[in-house]
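Below you'll find the structure, written out as structure tokens, and then a few comments.
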Amino acid sequence: MNRQLGAGLTVALGLLVLCSFGTWYYGYGVLIEPIARETGWSQTTLTSAYGVALLLVGVGSVFAGRASDRFGPHLVLVVAAGCTLAASGVAASASSPAVFLAGAILTQACVGAVGYYALAHAIIARVAPKGRTRGITRNTLFGAFASTVFLPVMAWSATQWGWRPTMMAAGCVVAAAMLWTAALVRHLGGADGSGASLLGGLAYAIRDARLRRLLALGVVGGAMMSVLLLFQVPAMVEAGLTLAMASALAGARGAFQIAGRLPLPWVLDRVPHRLVVRVCLLLFGLPALLLPFSDSMTAAIAFVVLAGIGVGTFSTMESVYTVEFVDARSVGLMLGAYALARGVGSAVGPTLAGWTVDAFQTRVPVLIALAVLALLAVVLVPRPVER
């Protein structure tokens, strides 16, 4: 097995996550208003497609990961590319909300299950096991630029040509990235000894104490991440900042997410990985307590720096740490299972947070809960398997 990914596969996997996150994770939000304006479909219809799809991304990640372990990633990527093109066509040409929902949900599910981090990082772990930390870190750096690249591009395209051509073009771009990656991994077959069933693999993950804690960490971490990213701007506005200033600080947090990822390979060569995971959980959980005081620029900037580094580091460490608990025979399945756990947390967290805000008429209890969850998450981080 090769020790290095090589420039071609590094770029292909990087563009896969860049295009997938940029078009359907971030870019879909740009299209909601143009779609509603042209069709008259409700905002609830359009946003529910996004929420349901994100949950299905987790389910799809499990199946995609298992299929990659069993048969190799080439077939998974080719099938996903075909489904992405077909489903994008359905959504982009839909004349009724029901047809649009079906097409958009299936597209997002395919793109997320195969184009987000789980499958890409499983490929990296198999191709370059000794260099997986650096490979995964580099890959997440591509993903960090997804919103920066695609939000303005998709907004411009929707303005120039409308949402339908833009949505179809987004599907074509992602499918092309999938097919390019598939061509480069066509010789990577199933992992030796990967014959256990999907249910058997998941049952083992539930029975094993370390893996149970890892999946629980995925649920808690997903809830923390989704609520923090969703509430940063509203909480800062509630504290007294203008919307423009709060949005600018949110953008600055994104820059510090990249800064948090850059030194990771150097840090992980010198610091126990479990400690790194625990520190980055605290870095993006505890600073939530600063948000009610963000009318002070000192508190606001401290939040941006600490939470940005914490979010960026944790996003990378999720994959880096997960692959330490499994061998090459089931790395795809386990990363998919973690993605599912994270998806559950990401879906449940904002819902519970919304109910809490409605009940208390302030976001402060939610921000306190984030700090408490950070402490719980630190306890959940399992001890790595000795190999």
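The values are calculated or read from the model by the stated rules, or taken from the named source; none is laboratory data. Just so it is clear, the structure is predicted and the values come from calculations on it, not from any experiment. No Cβ is skipped: glycine too gets one built from the backbone with ideal geometry, and neighbour counts run over all protein chains shown. Heads up: the accessible areas ignore ligands, DNA and RNA and are worked out on the full protein's heavy atoms, side chains in. Shrake-Rupley method; radii C 1.70, N 1.55, O 1.52, S 1.80 Å.
Worth pointing out:
- Some residue of the stretch 113-132 being of a type in the set (Ser, Thr, Tyr), part of a helix (DSSP H, G or I), open to solvent by 10 Å² or more (accessible area, probe 1.4 Å) and in contact with a Ser or Thr (Cβ under 8 Å, 6 or more places away or on another chain): yes
Conditions (1) more than 18 Å from the chain's Cα centre (by Cα); (2) free of Cβ contacts under 8 Å to residues at least 24 places away in the same chain, marked per residue:
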residue: Leu85; (1), (2): yes, no
residue: Val90; (1), (2): yes, yes
residue: Thr107; (1), (2): no, no
residue: Gly112; (1), (2): no, no
residue: Ile124; (1), (2): no, no
residue: Arg138; (1), (2): no, no
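- Top-ranked residue of the stretch 225-259 - restricted to ones that are among the hydroxyl-bearing types (Ser, Thr, Tyr) and modelled with pLDDT of 80 or more, ranked as surrounded by the fewest Cβ atoms within 10 Å (Cβ to Cβ): Thr242
- Residue match in the stretch 134-151 (condition: assigned to a helix (DSSP H, G or I) and under 20 Å from His74 (Cβ atoms)): yes
- Among the residues of the stretch 248-278, those that are part of a loop (DSSP other than H, G, I, E, B) and not acidic (Asp, Glu) comprise Leu262, Pro263, Arg270, Val271, Pro272.
- Which listed residue is of a type in the set (Ser, Thr, Tyr), under 22 Å from Ala341 (Cα atoms) and at pLDDT 85 or above, from Ser48, Ser20: Ser20
Matching residues to (1) under 30 Å from Val276 (Cα atoms); (2) among the hydrophobic types (A, V, I, L, M, F, W, C):
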site: Thr107; (1), (2): no, no
site: Val114; (1), (2): yes, yes
site: Tyr117; (1), (2): yes, no
site: Thr140; (1), (2): yes, no
site: Ala155; (1), (2): no, yes
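- You will find that of Met334, Met317, the residue that is within 24 Å of Ile124 (Cβ to Cβ), in a helix (DSSP H, G or I) and at pLDDT 85 or above is Met317 and no other.
- Single residue of Thr362, Thr313, Thr356 found to be more than 23 Å from Phe63 (Cβ to Cβ) and loosely packed, with under 15 Cβ neighbours inside 10 Å: Thr362
- Candidate set: the stretch 10-51, residues that are open to solvent by less than 20 Å² (accessible area, probe 1.4 Å) and either of a type in the set (Asp, Glu) or more than 30 Å from Ala98 (Cβ to Cβ) (or both); chosen: the one nearest to the chain's Cα centre (by Cα): Val17
- Set Ala80, Ala92: member being at pLDDT 90 or above, open to solvent by less than 30 Å² (accessible area, probe 1.4 Å) and farther than 24 Å from Ala120 by Cβ: Ala92
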